[in-house]
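Participant: The structure follows.
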Amino acid sequence: MMFIRILLCFFIGLLPVFAGSNYVFGFQDDVQTGLRLATFDVDATPPVGSLLTYDQEINKWDLGLRARGVVILGAGQPIVLCAVDWIGIANEGQDAFRQALAEAAGTIPERVAIHTVHQHDAPTCDFSAEKILKDAGISPLCFEGTFARELMERLGTAVKLSLGHTQLVTHIGVGEAKVYKVASNRRLLNSNGLFRDCRYSTCKDSAMRAEPEGLIDPMVSLISFWNADQPLAVLSYYATHPQSYYRTGVANPDFPGVARFMRQLAVPQAMHIHFNGAGGNITAGKYNDGSLENRGILAERLADGMKRAWESTRREPVTTEAIGWAVEPLTLPLSKNLEDMQTVMKTTDMVSLANKMSKLVWLQRCKAGKRLDVRCLTLGKARIIFLPGEPFVEYQLAAKAMRTDLFVAVAGYGDYAPGYICTAIAYKQGGYEAGPASGVTAEVEGVLLSAIHKLLQVK
């Protein structure tokens, strides 16, 4: 009895400590108020022997693939943002991941944005494609979803656990800086303004590398969450295909993942989460001949831009009233090429299957009335636009030009299903992106720009 009394006195004495921190034995108390942030980080690297998007995984790299994100609480239903080091998550894959994260965070799927960074030595996910192929007695190859479901479950667990360790957000920080000698436009035109050649991520042609950078967004944008002087999370946005060299069979996050790791080392107290911008027509091709050392060089250049953007960060106080979330469902104009993709199911070529199968599924979903969402997060004077597919950089530049009074960042590579989302003129110019690689037509420009403009007018 004496021992029990001592234990009771000990725990009663601790109650004020737990109450003062708004936690009881690691679980969130209902009395928490104000804007709060939770962060989560999960290993997204499949086991060796798995199928990546284009090849079988034969090994892992020093840096694995990550799935990282934040949960914003206190401004209505929680908002979840997540970036995954995969090539794409499409159709029912998107639906399932958003549902799982929503349930874990205690919110609805409409308030979840999950995007990929688009590294090519990485998996892809589309549960719709997997089902259709299996039902037809065909191997799903890269769409086999066992590991994706495992990752989804672990992400849900990580989000739930993160809610027991939220931190107060008092300020939002914004900063940007130029990134030098990384991005270049991949589309080279002839004297008539028509598509001439494509400067891919690896470009061994010295004459093509000598061509001008072309239209890019040279800025890396940083949005950060703070508790007074303590940084909690840093979200970075930069538009380019993230490849230095690939098709190695070794799962790795390529140069953006290395740059993110460098910044994590420099500012270890904050979670660093990187989103690819509207980089559909942007690569590092001008500055990358495929030499292995270029991965480190490109990473250092991107990290340098991130560092200078961090050093230029301006912080402003933020309250729950300054947080907003808006969603605009879109019906995009479908390309006639989609109807020709029925034969893709019979191919055993992993590249062809990976690049076309999700578009075929998307065609069926569109016929059933499914729509894609464009989302906008308001953080004080900052706005983040979340776009589907592989949008051209022109959409990012247009979004920034629409509200020069605000700090606008753009994430591409949401629902991967439609593939490239080009500009209207690009469909007239022709070229790789504007052909079968795109699931939409020239009319998409007006639809998408209208949605972005509408969302940027909302709080």
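The values are calculated or read from the model by the stated rules, or taken from the named source; none is laboratory data. It should be emphasised that the depicted structure is a prediction, and the values quoted were computed from it without experimental measurement. Virtual Cβ from ideal backbone geometry, glycine too; neighbours counted across all protein chains shown.
One line per residue, one yes/no per condition, for (1) of a type in the set (Ser, Thr, Tyr); (2) in contact with a strand residue (DSSP E or B) (Cβ under 9 Å, 6 or more places away or on another chain); (3) closer than 24 Å to ASP121 by Cα:
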residue	(1), (2), (3)
ILE323	no, yes, no
THR331	yes, yes, no
VAL351	no, no, yes
ALA354	no, yes, yes
LYS370	no, no, no
VAL374	no, yes, no
LEU377	no, yes, no
ALA382	no, yes, no
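Participant: What number of residues within the stretch 352-375 are assigned to a helix (DSSP H, G or I) and more than 28 Å from VAL410 (Cβ to Cβ)?
Facilitator: Total satisfying the criteria: 4.
For every residue, the table says whether it meets (1) buried (at least 24 other Cβ atoms within 10 Å of the Cβ); (2) touching a Ser or Thr at 6+ places or on another chain (Cβ under 9 Å); (3) free of Cβ contacts under 8 Å to residues at least 40 places away in the same chain.
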| position | (1), (2), (3) |
| --- | --- |
| ALA233 | no, yes, no |
| TYR245 | no, yes, no |
| ALA251 | yes, yes, no |
| MET271 | no, yes, no |
| GLY290 | no, yes, no |
| ARG301 | no, no, no |
| VAL318 | no, yes, no |
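Participant: Let me ask something additional. State whether the residues of the stretch 388-400 include one that is under 15 Å from the mean Cα position of the chain (by Cα), of a type in the set (S, T, N, Q) and over 22 Å from PRO78 (Cα atoms).
Facilitator: For the stretch 388-400, residues under 15 Å from the mean Cα position of the chain (by Cα), of a type in the set (S, T, N, Q) and over 22 Å from PRO78 (Cα atoms): present.
Participant: Going by what's in this entry, would ILE223 be described as surrounded by fewer than 23 Cβ atoms within 10 Å (Cβ to Cβ), in contact (Cβ under 8 Å) with a residue 60 or more places away in the chain and of a type in the set (Val, Ile, Thr)?
Facilitator: Answer is no for this residue.
Participant: Moving on to the next point. Filter the stretch 445-459 down to the residues that are closer than 23 Å to LYS381 by Cβ and in contact with a Ser or Thr (Cβ under 6 Å, 6 or more places away or on another chain) and list them by number.
Facilitator: LYS459
Participant: Another question, if that's okay. Could you please find all residues in the stretch 274-298 being of a type in the set (A, V, I, L, M) and assigned to a loop (DSSP other than H, G, I, E, B)?
Facilitator: Of everything in the stretch 274-298, those that are of a type in the set (A, V, I, L, M) and assigned to a loop (DSSP other than H, G, I, E, B) turn out to be ALA278, ALA284, LEU292.
Participant: Select, from GLU394, GLU445, the only residue that is in contact with a strand residue (DSSP E or B) (Cβ under 9 Å, 6 or more places away or on another chain), among the charged types (D, E, K, R) and touching a residue at least 12 places away in the same chain (Cβ under 8 Å).
Facilitator: It is GLU445.
Participant: With respect to GLU176, is the statement that it is crowded, with 16+ Cβ neighbours inside 10 Å, among the acidic types (Asp, Glu) and at pLDDT 95 or above true?
Facilitator: Spelling it out, GLU176 is indeed crowded, with 16+ Cβ neighbours inside 10 Å, among the acidic types (Asp, Glu) and at pLDDT 95 or above.
Participant: Can you spot a residue in the stretch 382-392 that is among the charged types (D, E, K, R), surrounded by fewer than 24 Cβ atoms within 10 Å (Cβ to Cβ) and at pLDDT 95 or above?
Facilitator: No, the stretch 382-392 has no match at all.
Participant: Specify which of the listed residues (ARG308, ARG301, ARG247, ARG260) is in a helix (DSSP H, G or I) and within 24 Å of PRO47 (Cβ to Cβ).
Facilitator: The unique qualifying residue is ARG260.
Participant: Pairs, please: C-beta under 8 Å, at least 6 apart or cross-chain, first residue part of a loop (DSSP other than H, G, I, E, B) and in the stretch 91-112, second of a type in the set (Lys, Arg)?
Facilitator: Pairs found: ASN91/ARG365.
Participant: Filter the stretch 182-195 for residues that are crowded, with 16+ Cβ neighbours inside 10 Å and either in contact with a His (Cβ under 6 Å, 6 or more places away or on another chain) or not aliphatic (A, V, I, L, M) (or both) and give the result.
Facilitator: Those that are crowded, with 16+ Cβ neighbours inside 10 Å and either in contact with a His (Cβ under 6 Å, 6 or more places away or on another chain) or not aliphatic (A, V, I, L, M) (or both): SER184, ASN185, ARG186, ARG187, PHE195.
Participant: So which pairs qualify, if the first residue must be in the stretch 373-384 and more than 10 Å from LEU456 (Cα to Cα), the second must be of a type in the set (Asp, Glu), the Cβ gap must be under 6 Å, and the two must be at least 6 apart or on different chains?
Facilitator: Partner pairs satisfying both residue conditions: VAL374/GLU328; GLY380/GLU316.
Participant: Scan the stretch 129-139 and give yes if some residue there is surrounded by fewer than 20 Cβ atoms within 10 Å (Cβ to Cβ), within 22 Å of PHE392 (Cα to Cα) and not charged (D, E, K, R), otherwise no.
Facilitator: Scanning the stretch 129-139, I find no residue that is surrounded by fewer than 20 Cβ atoms within 10 Å (Cβ to Cβ), within 22 Å of PHE392 (Cα to Cα) and not charged (D, E, K, R), so the answer is no.
Participant: Determine which member of the set ARG111, ARG68 is out of contact with any helix residue (DSSP H, G or I) (no Cβ under 6 Å at 6 or more places or on another chain) and under 18 Å from ASP41 (Cβ atoms).
Facilitator: ARG68
Participant: Within the stretch 60-74, does at least one residue satisfy the condition of being at pLDDT below 95 and surrounded by fewer than 14 Cβ atoms within 10 Å (Cβ to Cβ)?
Facilitator: Scanning the stretch 60-74, I find at least one residue that is at pLDDT below 95 and surrounded by fewer than 14 Cβ atoms within 10 Å (Cβ to Cβ), so the answer is yes.
Participant: Looking at THR170, THR166, THR116, can you tell me which residue is under 20 Å from the mean Cα position of the chain (by Cα) and touching a residue at least 12 places away in the same chain (Cβ under 8 Å)?
Facilitator: Of THR170, THR166, THR116, the one residue that is under 20 Å from the mean Cα position of the chain (by Cα) and touching a residue at least 12 places away in the same chain (Cβ under 8 Å) is THR116.
Participant: I'm told TYR416 meets every condition in (1) under 21 Å from the mean Cα position of the chain (by Cα); (2) surrounded by fewer than 24 Cβ atoms within 10 Å (Cβ to Cβ) except one. Can you identify the failing condition by its number?
Facilitator: Result: TYR416 passes all but (2).
Participant: For residues in the stretch 328-351 being farther than 28 Å from ARG111 by Cα and assigned to a loop (DSSP other than H, G, I, E, B), which is modelled with the highest pLDDT?
Facilitator: Taking the candidates together, the pick is SER335.
Participant: In addition: Going residue by residue through the stretch 77-85, is there one that turns out to be small (Gly, Ala, Ser), surrounded by 24 or more Cβ atoms within 10 Å (Cβ to Cβ), touching a Lys or Arg at 6+ places or on another chain (Cβ under 9 Å) and assigned to a strand (DSSP E or B)?
Facilitator: yes
Participant: Just need a number here: residues in the stretch 413-459 that are outside any helix (DSSP H, G or I) and of a type in the set (A, V, I, L, M).
Facilitator: Number of matching residues: 7.
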